[in-house]
Structures are given as C-alpha cells and as structure tokens.
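Please read the structure below before turning to the comments.
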Amino acid sequence: MTDLDHRAVRVRFAPSPTGALHIGGLRTALFNWLFARRHGGSVVLRIDDTDRERSSETYLRQILDGFRWLGVTFDEGIEEGGPYGPYRQSERMPIYRQALQRLLDDGKAYPCYCTPEELDASRKAQLEAGKTPRYAGTCRRLTPEERAAREAEGRQPVYRLKVDLDRPIVVRDVIRGDVSFEPEQIDDFVIMKSDGTPTYHFASCVDDAEMRITHIIRAEEHLSNTPRHVVLFQALGAPVPTFAHVPMILAPDRTKLSKRHGATSVDEFRALGFLPEAIVNYSLLLGYAPDENAELFTLDDLVPTFELERIAKHPAIYDVNKLRWMNGHYLRTLSLRRVYTYAEPFLKAAGYLSQNPGDDEIALAMARIDAVRERVATLIELTDGVSYFYRSIEAYDETGVHKHFKNPKEVAERLRYAAERLETVEPWDLEQTEQAYRGLIDELGISGGALIHPTRLALSGRTVGPGLFHIMVLLGKAETIRRLRKAVQWLEARA
C-alpha cells in the first residue's frame, strides 16, 4: 500500500440505484472490502441517488439483497447506520447546501446565470477560434447589481466552482501511477444545479470529505473526473484521498461488456443458477493476481495478502466458461445442506418440492441432488438433472433409442425379466438391487451393458446420469418397476 497516512483506513462503495448490481461494480465493492479488512479499516456502503429520474427503489433493494445473498457485509450504510449518516445522498441535501454556502462565503464558488443558448454560442466561438471549449468565466465578474438584474429576469442560477490553476494536476493512483492533467482541461465547472440538487462531482466529494474517506477505489471510467475531485477536495479544505482506478471488464471479443454477451448482473447470474461463492471467487479473479496463481478462494482467504498494487493495469476479460467451471466446483464441494438451500427455490419453481417441505421430503431431495451434482455446472442444470425423479418419462432420448432400443422385441423381453426380478428384491437398497441385476445378467448370458443401458434409458429417459442402482433406490421400488413396464409396452408397440 502506498501513500497511507496515519488516519484509519476508510473506503466506500457508492452505487447509483439506476440499474442492477453489475459484475464490474461487485468487483469494485469486493476490492474495497478486502482493502479495508486487510488494514483494519472500515468499508461504507453509500447510495448515490441524486439522479431523481433514474433512481429506483427496486434497484436499491436488488443491490442490498444482492450483497446480502453474496455474504458481503459493510461497516456503515443505509441499513447498518453509522456516525456519518445519513448514507443516502437524497437525504443529505442540507449538507450539500451548507457546503455550497461555505464555498460562496469563502469566494470559492459563484452563481452563474448563463443560458444554454449563451453557453452554446460561447462554445461555438471557441471552436471556431481553434480553442478547447471551456466556460469563459462570464459570471465570475458580475457585480451584485448585474446579478440582481438577471434574477429579476427570472433566471435561476447554477453554481460553479472557481478553478484557478497554473500547473498540471497530478493524480497519484496506486494502480496506474501518476496521471497528469493539464490546467486547461478544467474550467469553472457546475457544482449545484438550478433546481438545487448537487452534481455528482460535488455530492460525491462532499460526502467523501464528511465521511472521512481515505482511499477511493473505483472504476477507471471515473479517472477523467478525478482532477475535478482533487480541486473540490482542496476547495473544501479536506485531505485528498488516495485513488485507485480499477480497469474495466471486457467481453471475450474485447469490446465493452454488455447484455449482448449474456448475463452481466448479480441478479441475472443468480437466476441462471450460479452460486454466490462462485460469483465472488470469479469476480476477484478478474484482474487480480493472488498468491501462487490460486484460482479457488474465498474473500477471507485473500485478506492477509491483499494489496491494491497487485490489481492489473490492463482490462480483464470476461469468460463465462471459467465461471461455469468454478460454479461446478462449488456445487460438488460445498456441503450438501448448503447446495440444497441454494437449489430449493429452483426445485419449488419447477414444482418438484412443496412450498413447506417436511424433513422426509427434504432428505429425499438432498439425496437426489447428491446423486447428480457431480455432473452439472449450474442450479438450472441440477434442477433438470433431478427432473426425472419427480415426473414421469414422456420421451426417451433419441440417440439412446437408436443405440439401446434398436432391437425392441429383444430389449422388451429383457426389461420384462428385470421388472419381475426386481419385484422380489427386499430390502430395496443399492446392494440388493445390484445383486439382483447381476444375477439376471448372468442368467441371460449377456453383457452388463446390454441390460444396464436400456434400463437407464427406461428409468430416466437419458443415456447418462448417476449410477443405475442409485437411480433405482432414489426412484423407489414401485416407480422403478412401473417405468420398466411402461418401457416394455413402448417397445412392444414398435416391435
């Protein structure tokens, strides 16, 4: 860590509730969380909702619920409270007005009455003169009488920050190093709109100063804003935080990640059956290099060694296949009870579980999940993988029919014998069902596959899945025999 002063580390994640929690935003939040935990500091969740038209309570709830589901906690926030609240910008308007008044009293800000037409004309004139367009400072020089005259015309002012620079602004970025911005790139910019709401820049910097934020870890798209933020912190008389701008996430074709590339938000990944452990793990791999190139880890695993300097300077490439592989790993290795908890909403939505399942129903569901979780990558695939335990077989896999039902008369006879043999099996368990089948195979003088493969197809409608005798036990004796006899009838109709 560089440029650490003696203050306790305080970082913030400040999403705008104008959309769902994106995987890029999640990664930034996780980097903030790790940095705070690594240095014994605090992480704040602040909601930047000054965009009244686009902000949505629905998105706010999705963001909060998403973090809760992911297991990411904050030290301060709109739900946690804290000493620097409120933590929602729409509730902090008096604070912004007070900060503006201080700047006006100190001569660091002024009202601007220029109309959009006047600003546009000034911009065009500068372009024609070969200059970079910037605010000309027209209203800086207004006398009290001139201001009064403009107000008498009914003009509602915006408020601008006075910016007087004679040297470049150098932003010290932990990830990117020093980034220099020339003075002419920053003019007297607006900090308060004519309707009395602060601009993003002003609200963000006032909040960061008031909340004693020491490090700002955010997406690289904000890097171009940072010179304005530096001069705002200086005007407010606040320490300038240390910055770290995290590179963006690109799609596999190296374009900006968007919905056309598939799921991009936490809610979408959750609906597709990805686990929180996998989403967190994968997000952290996007541009961060942990010790010894480890790929599988938890947030807590990274805390002892996390450093901002280890975040890559180049964009990360999103790879859904890597996420699927990781999700499959967690489906296989997490406790069965935990996997069941994640799968339960999917099973209920499919109609496989009652809304208030009892202990026996849960135990059977867990056993069926355990039988298929080795072969699936998502909870949707898991739900499909157990589907034949819960509903009758309506059709048999076409490839399997051509391969294992190709001699219908012969196969029907074998399955009939199998059903009859299984009628005698007691108790109905793995050992007894397999013993009965092996005995029948020997008696018929056929290979094991000649009976096992058609039986799997008859019981599940599929050619792959858990062990055949696991399927039998999990279906139960009556259902196993019923499905075998149904397959016999199907085959005889085609013999």
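The values are calculated or read from the model by the stated rules, or taken from the named source; none is laboratory data. Just so it is clear, the model here is predicted, and its values are computed rather than measured. Using ideal geometry, Cβ is built from the backbone for each residue, glycine included, and neighbour counts are taken over all protein chains shown. Side chains are part of the model used for accessible areas, which takes the heavy atoms of the whole protein and leaves out ligands, DNA and RNA. Shrake-Rupley method; radii C 1.70, N 1.55, O 1.52, S 1.80 Å.
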(request) With a 1.4 Å probe and every protein chain kept in, tell me what percent of the accessible surface of region 382-495 is carbon plus sulfur. (result) 48
(request) Write down the Å³ per residue value for the convex hull defined by the alpha carbon atoms of region 382-495. (result) 92
(message) Suppose a student asked you for the relative contact order of region 329-434, using Cα pairs under 8 Å spaced at least 6 residues apart; what percent would you report?
(response) 23
(request) Pull up the cross-link candidates among the lysines for Lys406, meaning alpha carbon to alpha carbon under 18 Å and not fewer than 8 places away within one chain. (result) Lys486
(message) So for region 392-495, averaging the separation of alpha carbon pairs under 8 Å that are six or more residues apart and normalising by length, what relative contact order in percent results?
(response) 45
(request) For region 241-291 and region 49-105, compute the distance between their C-alpha centroids and round to whole Å. (result) 24
(request) For the chain, count the residues as N, evaluate 2.2 N^0.38 Å, and divide the Cα radius of gyration by that value, please. (result) 1.39
(message) Within region 125-139, list the residues whose amide N lies under 19 Å from a label point set 7 Å along Cα→Cβ of Leu165.
(response) 131-138
(message) Could you order the peptides 242-248, 223-229, 433-439 from most to least packed, using the average number of other C-beta atoms within 10 Å per residue?
(response) 242-248, 223-229, 433-439
(message) For Arg10, what residues show an amide H to amide H distance below 5 Å, using hydrogens built from the backbone and excluding near sequence neighbours?
(response) Ser42, Thr214, His215
(request) Over the chain, give the accessible area per residue in Å² for a 1.4 Å probe, as an integer. (result) 48
(request) Calculate, for Asp75 and Asn407, the FRET efficiency according to 1/(1 + (r/R0)^6) with r their C-beta to C-beta distance and R0 60 Å; round to the nearest 0.05. (result) 0.30
(message) I need the Kirkwood Rh of region 128-223: take the reciprocal of the average 1/r across all distinct C-alpha pairs and report it in angstrom.
(response) 16.3
(request) Please give the solvent-accessible surface of Glu184 in Å², to the nearest 10, using a probe radius of 1.4 Å with every protein chain present. (result) 100
(message) Rounded to the nearest 20 debye, what is the charge dipole size of the chain about its Cα centre when +1 sits on each Lys and Arg Cβ and -1 on each Asp and Glu Cβ?
(response) 760
(message) Just to be sure I understand the model, the point goes 7 Å from the Cα along the line to the Cβ. What's the resulting Arg254 to Arg141 distance in nm?
(response) 5.0
(message) Testing the spin-label approximation: label points 7 Å from Cα along Cα→Cβ at Ala148 and Glu398. State their distance in nm.
(response) 8.7
(message) Expected output is a single nm value to one decimal: the length gained when fully extending between Lys322 and Asp105, i.e. 0.36 nm times separation in residues minus the C-alpha distance. What is it?
(response) 72.5 nm
(request) Only Cα pairs under 8 Å and at least 6 apart count here; give the relative contact order of the chain as a rounded whole percent. (result) 13
(request) Calculate, in nm to one decimal, what Glu374 and Arg337 gain on full extension: separation in residues at 0.36 nm each, minus their alpha carbon distance. (result) 11.8 nm
(request) May I ask you to give the percent of accessible area on region 202-352 that is carbon plus sulfur, with a probe radius of 1.4 Å? (result) 52
(message) How large a share of the accessible area of region 1-79, in percent, is made up of carbon and sulfur atoms when the probe is 1.4 Å and the other protein chains stay in place?
(response) 45
(message) So for each of 306-319, 136-149 I average, over its residues, the number of other beta carbons within 10 Å; can you give me the resulting order with the highest mean first?
(response) 306-319, 136-149
(message) Of Leu119, His453, Val320, which is farthest towards the positive pole of the chain's charge dipole, taken about the Cα centre with +1 and -1 on the beta-carbons of Lys, Arg and Asp, Glu respectively?
(response) His453
(message) With the cut-off at 30 Å, tell me which of the pairs Lys403/Lys477; Lys256/Lys348; Lys108/Lys256; Lys131/Lys193 have Cα atoms farther apart than that.
(response) Lys256/Lys348; Lys108/Lys256
(request) Run the quick spin-label model on Thr132 and Ala495: label points 7 Å from Cα toward the beta carbon, then report their separation in nm to one decimal. (result) 8.8
(request) Could you tell me the distance between the Cα centroids of region 181-225 and region 117-171, to the nearest Å? (result) 18
(request) Find how much the distance from Glu118 to Arg438 grows on full extension, using 0.36 nm per residue of separation minus their present alpha carbon separation; answer in nm with one decimal. (result) 106.0 nm
(request) Please find the FRET efficiency linking Arg61 to Glu268, where r is the Cβ-Cβ separation and R0 is fixed at 25 Å, and quote it to the nearest 0.05. (result) 0.95
